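Accompanying notes for the structure given below.
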Amino acid sequence: MIRALSSAVLFLALAAPLSTQAQTKPARPAGAVEASGTDQFLMRDGEVVLRQGSTTKPLTQNVVLSNGTKVNYKSGIVELPGGKKTTLKEGDYVTMQGDIVFATPGSAAASRGTTAPASGQFEQYVDRNSAPTTADMETRLSSLNSRITLMAQKIQLLNDKISLLSAGTQRPADTSQLDQQIKALDEQLRQVK
C-alpha cells in the first residue's frame, strides 16, 4: 500500500509541471512582428524593412516565411526553399508568399547572374495582389469591346455564308468574297489583345 501511494505521489509530482506547461500559450519569438498577406520585406537603405501599405517598420531578426523562404534583414540575402540564394538590391522586395520582385532590370539580371539587356527593359511586372488601376480597366474594357464587335461581324458573315450554301440552287454559291472577309476578321481578332 505504501509502495502504491508513493508511486502515485511520484506520478503526480512529475505530471504537475507537464500539465501547467500544456495549458500556457507558447511565447511569441523575440523580434516577431505582425504581418498580413499583402505586406512585403523591402530592401531600403541597405537593410530589409517590413512594408505595410505606405508605412515601414524596422526588423530586428531574420525572417522565415511560411513557405520556407529565409530573409536576412541585415544583408538582404534571400534563401529560397530549394536552396538558391540571391541578394536584394535597393527597392527589391519579397512578398509574404516568398516571391521576389526586382526594382530594376539590373537587379533582376544580377540575381540571375547575367547582365541587363542593352535596352534595359524587361516585361512590366504586375503585382497580382494589387487592385487594377482605372486605366488598366479602361484598356481591358476597350479590348473586350473590340473583340465583341469583331466576333459579331464574323457571326453575321458566317450566317450569310450558311444562307448562301443552303439556298438549294443547282449551282454552288460563290462564297469566296465572304471567305476573304472572314479571314480578314480572324486576323484582326488575333491582333486584339
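The values are calculated or read from the model by the stated rules, or taken from the named source; none is laboratory data. If you're wondering where the values come from, they're calculated on a predicted model, not measured in any experiment. Reconstructed Cβ throughout: ideal geometry from the backbone, glycine too, with neighbour counts over all protein chains shown.
Some points to look at:
Here is a yes/no grid of residues against (1) surrounded by 12 or more Cβ atoms within 10 Å (Cβ to Cβ); (2) of a type in the set (D, E, K, R):
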residue	(1), (2)
Arg140	yes, yes
Asn145	no, no
Met151	yes, no
Asn159	no, no
Ser166	no, no
Thr169	no, no
Gln181	yes, no
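- For region 89-98, filtering for residues that are within 13 Å of Asp39 (Cβ to Cβ) and in contact with a Phe, Trp or Tyr (Cβ under 9 Å, 6 or more places away or on another chain) leaves 4.
- Residues in region 68-120 that are within 13 Å of Val48 (Cα to Cα), surrounded by fewer than 16 Cβ atoms within 10 Å (Cβ to Cβ) and either touching a Cys at 6+ places or on another chain (Cβ under 8 Å) or among the basic types (Lys, Arg) (or both): 1 in all.
- Test: residue in region 123-133 that is more than 21 Å from the chain's Cα centre (by Cα), surrounded by fewer than 10 Cβ atoms within 10 Å (Cβ to Cβ) and either assigned to a helix (DSSP H, G or I) or modelled with pLDDT under 85 (or both): no
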